[in-house]
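The numbers here are math on the coordinates, done by the rules we state, and not lab data. Note that the structure is a prediction, hence the values are computed from the model and not measured. Ideal geometry is used to build each Cβ from the backbone, glycine not excepted, and the neighbour counts take in all protein chains shown.
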Amino acid sequence: MRAPTPQDPQALGFERIQYTKRDQRATVVINRPEVLNALDFQTLREMGRAFEDAAWDDGVAVLVLTGAGDRAFCTGADLREQEGFLQTPRAYWKWMGAFIEAHDRLRNIGKPTIARLNGLTVGGGNEFNLACDLAVAAEDVVIRHVGPARGSVPAAGATQWLPLVIGDRRAREVLFLCEEFTAHQALAWGWVNRVVPRDQLDAAVDGVVTKLIHKLPEVTRYTKQQLNFWRDLSWHLTVGHARDWLTLHAGAAETYEGITAFLEKRPVDYAGIRRRLAEGGSTEFLWGPYTRTCPACGAEALPAHFRYCGECGAALPDSGSRGG
């Protein structure tokens, strides 16, 4: 078998990321500053391809992952793309597959990786931070997760890795309270390795890169493989379940409320969601389970709280309060 041939980054034709290789260093920049470097399907696919190329290129000793601009490292899933999954939730399975593949290629790249945190690091962005071996952050960076607050995408990566990195109780605080954590707090918890003034960020990253280049490559690769044991174990035991659970809930009421509230720039209606549950309803369906039949035209599988038939428009018998 012929060994894989590393590619010229320009020949790969990336549109969502910038990928460069120079002086034994590969750099992947999530290049979507207009949406705070949020992750869509194409971005994840391009990241995975770049990580694969860097893994195969023996001229690359270190990979640096960062975001374009100075506002965000990465803010997780692109919620405008996620809005489409409200209509076709099963398609989320493919999106999550690209997310998993990019993570696996990054974590198993066979050489050290550095997250250069240059701005907001949120949700899936923090999961890519955690997937890297080391992290250097500008001192004004904030890190957070927002799944239970926004209802969009619960963590899949942070739930496995944050307890290993910062401890179980701290991880629960991060993931349940959804509050912002400063770079200095992250440093104190061991969440990042270096915190520097913004104008020193590149110099600090360059310094770590230089130190890593001057190490034995095979010994480093094996060390990384062994260090990955607990992360790999927890990830592979749970991420398949997360992929299916997230797919099944991509069109659920909580997801719908979280995404539409974000897009409409309004608060999430937490009280309304909890009221549904208190009234015996469910948040699995926007308009209730598909249990009704229209007495006029015989249409079946109508949502339990529809007032009118979606086929013929006939009024349906009183179904009680809207709850779902």
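Numerical summary
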quantity: Cα-based helix-to-principal-axis angle, 201-213 vs the chain, degrees rounded to 10; calculated: 60 degrees
quantity: Estimated FRET transfer efficiency (ASP202, LEU164; beta-carbon r; R0 41 Å; 0.05); calculated: 0.90
quantity: Sequence-distant lysines (8 or more away, or on other chains) whose Cα lies within less than 23 Å of LYS215; calculated: LYS21, LYS111, LYS224
quantity: GluC sites (Glu not before Pro) within region 234-324, DSSP loop, no more than 14 other Cβ atoms inside 10 Å; calculated: GLU264, GLU279, GLU284, GLU300, GLU311
quantity: Per-residue Cβ neighbour rank within 10 angstrom, fewest leading, TRP287, TRP230; calculated: TRP230, TRP287
quantity: Cut-off 12 Å between beta-carbons: net charge of the residues surrounding ARG292, Lys and Arg +1, Asp and Glu -1; calculated: -2
quantity: Size of electric dipole in region 158-233: Cβ of Lys, Arg +1 and of Asp, Glu -1, about Cα centre, debye, nearest 20; calculated: 280 debye
quantity: Convex hull volume of region 70-160 per residue (C-alpha atoms, cubic angstrom); calculated: 99 Å³
quantity: Label-point gap, in nm, between THR20 and ALA149 - each point 7 angstrom along Cα→Cβ; calculated: 3.4 nm
quantity: Distant-in-sequence amide H partners of ASN37 (H built 1.01 Å from N, under 5 Å); calculated: ARG32
quantity: Label-point gap, in nm, between ALA91 and ASN228 - each point 7 angstrom along Cα→Cβ; calculated: 3.2 nm
quantity: Which of ALA11, GLY84, THR66, positive extreme of dipole for region 1-121 (C-beta unit charges); calculated: THR66
quantity: The chain: angle of helix 253-263 to the longest principal axis, Cα-based, in degrees nearest 10; calculated: 60 degrees
quantity: Order by protection proxy (mean Cβ within 10 Å, highest first), peptides 94-103, 4-13, 289-298; calculated: 94-103, 289-298, 4-13
quantity: Between helix 92-107 and the chain: long-axis angle, C-alpha atoms, 0 to 90°, nearest 10; calculated: 20 degrees
quantity: Per-residue HN-Hα couplings for region 16-33 [Karplus 6.51, -1.76, 1.60; θ = phi - 60°; Hz; x = Gly/Pro]; calculated: 9, 10, 10, 10, 9, 9, 6, 6, 6, 10, 9, 10, 10, 10, 5, 10, 9, x
quantity: Least to most buried among VAL136, VAL29 (fewest other Cβ within 10 Å first); calculated: VAL29, VAL136
quantity: Helical mean residue ellipticity (222 nm; -39500 (n - 2.57) per DSSP H run of 4+; nearest 500) of the chain; calculated: -13000 deg cm²/dmol
quantity: Test item: Cα-centred dipole of region 9-248, Lys/Arg +1 and Asp/Glu -1 on Cβ, debye; calculated: 340 debye
quantity: Shape call, region 196-250: gyration tensor on alpha carbons, a/c limit 1.5; calculated: oblate
quantity: Prolate/oblate/rounded label for region 9-248 (Cα gyration tensor, a/c 1.5); calculated: rounded
quantity: Neighbourhood net charge (12 Å Cβ-Cβ; Lys/Arg +1, Asp/Glu -1) for LEU277; calculated: 0
quantity: Relative contact order (%) - region 9-248, alpha-carbon pairs under 8 angstrom, separation at least six; calculated: 19 percent
quantity: Cβ charges +1 (Lys, Arg) and -1 (Asp, Glu), total dipole of region 269-324, debye; calculated: 180 debye
quantity: Packing-based exposure ordering (other Cβ within 10 Å, fewest first) of LEU134, LEU120; calculated: LEU134, LEU120
quantity: Within-13-Å neighbourhood charge of ASP244 [Cβ basis; K, R +1; D, E -1]; calculated: +3
quantity: Whole-angstrom gap from region 156-213 to region 58-80, using each part's C-alpha centre; calculated: 15 Å
quantity: Top positive-direction residue, dipole computed over the chain with Cβ charges, set ILE143, TRP189, CYS297; calculated: TRP189
quantity: Global geometry of region 269-324, whether rounded, prolate or oblate, following the gyration tensor of its Cα atoms and the 1.5 cut on a/c; calculated: prolate
